[in-house]
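Enquirer: Sharing a structure, written as structure tokens. Questions coming.
None of the figures in this text is laboratory data; all of them are computed from the coordinates on show. Note that this is a predicted model, so its numbers are computed, not measured. Positions of Cβ are generated from backbone atoms using ideal geometry, with glycine treated the same way; all protein chains shown enter the neighbour counts.
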């Protein structure tokens, strides 16, 4: 698993990002223990629609 690999290498923080309208991707990150840290408003234009981006973080214990 990614977390075990990261811990073995001394990594203590993981990050992820998803477009705000991607509810499945956001729920997936949250189920894995990631917490919303930053919402970047009007981050990108996709198919003519302005979209926010949500950045997630997860601190790895010991």
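Enquirer: When the chain is fully extended, how far beyond the present Cα-Cα distance does residue 50 get from residue 23, taking 0.36 nm per residue of separation?
Expert: 8.1 nm
Enquirer: With n ≥ 4 as the cut-off for DSSP H runs, can you work out [θ] at 222 nm for the chain, using -39500 (n - 2.57) per run divided by the number of residues, rounded to the nearest 500?
Expert: -7000 deg cm²/dmol
Enquirer: What ranking of 9, 26, 39 emerges when the number of other C-beta atoms within 10 Å of each C-beta is taken as an exposure proxy, fewest first?
Expert: Fewest-to-most ranking of 9, 26, 39: 9, 39, 26.
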